[in-house]
Amino acid sequence: MMSDAALPITGIIEAVLLTAGKPLTVQQLREVFDETERPTHKAVEQALVELEQLCSGRGIELKKVASGYRLQVRESFAPWVARLFEEKPPRYSRALLETLALIGYRQPITRGEIEDIRGVAVSSNIIRTLVEREWVRIVGHREVPGRPAMYATTRQFLDYFNLISLDQLPPLSVSRDLDAIGREIEQKIEQTPFH
């Protein structure tokens with residue numbers, strides 16, 4: 001068995017994260033190694049620290065999100081990378097962004113509660129889009145007549161917006177209205193680095 005020091009752990013982890021296409025946990029990173037050469041949890045964490053330092057000042061960064069770690073384009077370089085792709089990020093309606101904001105801040109929440117707060121009906125297409133994007137999911141049913149579905153955000157929501165937990169959402173104050181929050185989410189979608 002090779003010692004942790006003899007393995008090019010940082011390079012292997014960099015290559016794995018670069019090609020994974022999704023965030024990976026420390027345990028998942030350990031599992032790419034054969035049992036005989038598998039580094040310790042601590043060794044992988046140290047390699048991640050080294051990788052983060054190696055990325056300093058470069059076009060990519062190591063980012064910790066809710067589902068683990070990923071390599072992604074730094075936000076400041078995203079406009080240039082975006083020029084490589086003909087497909088523009090989808091434009092979302094104000095109604096969808098307001099609905100997403102309400103679910104993010106008030107979860108778990110039912111469609112009826114969203115409609116009461118917004119003062120207008122929520123289209124089935126909005127809920128379907130949020131579920132298809134895997135930003136929200138049904139987490140249960142309210143124990144009232146009709147048993148409406150309760151919605152909450154997912155790990156994919158956190159990952160997409162570069163959050164580790166909901167605590168990192170900007171504070172919701174009385175002075176901020178849903179329109180302002182919707183504009184912030186839309187801006188974040190447009191600026192989100194490619195990952």
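Every number in this text was worked out from the coordinates using simple rules, so none of it is lab data. From a predicted model like this one, the values you see are computed outputs, not experimental measurements. Please note: Cβ atoms are built from the backbone with ideal geometry, for glycine as well, and neighbour counts cover all protein chains shown.
Which shape class, rounded, prolate or oblate, goes with segment 31-146 when its Cα gyration tensor gives a ≥ b ≥ c as root eigenvalues, a/c under 1.5 marks rounded, and past that a/b bigger than b/c marks prolate? Cα axes put segment 31-146 in the oblate bin.
In terms of modelled amide H atoms, which long-range or inter-chain residues lie less than 5 Å from the amide H of Arg74? When sequence neighbours closer than 5 places are left aside, the close amide H contacts are Ile60, Glu61.
Taking square-rooted eigenvalues a ≥ b ≥ c of the alpha carbon gyration tensor, is segment 104-147 rounded, prolate or oblate, where a/c under 1.5 means rounded and, failing that, a/b exceeding b/c means prolate? Since a/c reaches 1.5 but b/c is at least a/b, the shape of segment 104-147 is classed as oblate. Ordered by the count of other Cβ atoms within 10 Å of each Cβ, fewest first, Ser56, Ser76, Ser93 give Ser56, Ser76, Ser93. Taking every C-alpha pair closer than 8 Å and separated by at least 6 residues, the mean separation divided by the residue count of segment 9-73 gives a relative contact order of 39 percent.
For Arg142 and Gln28 in one chain, what is 0.36 nm times their gap in residues minus the Cα-Cα distance, to one decimal in nm? Walk me through the numbers before you get to the answer.
Working: separation 114, 0.36 × 114 = 41.04 nm, distance 3.57 nm.
Once the chain is fully extended between Arg142 and Gln28, it gains 37.5 nm.
Distance distribution P(r), segment 9-73, all Cα-Cα pairs, bin width 5 angstrom from 0: 4, 19, 34, 26, 12, 4, 1, 0 percent. The charge dipole of segment 123-171, taken about its Cα centre with unit charges on the Cβ of Lys, Arg, Asp and Glu (plus for the first two, minus for the last two), comes to roughly 180 debye.
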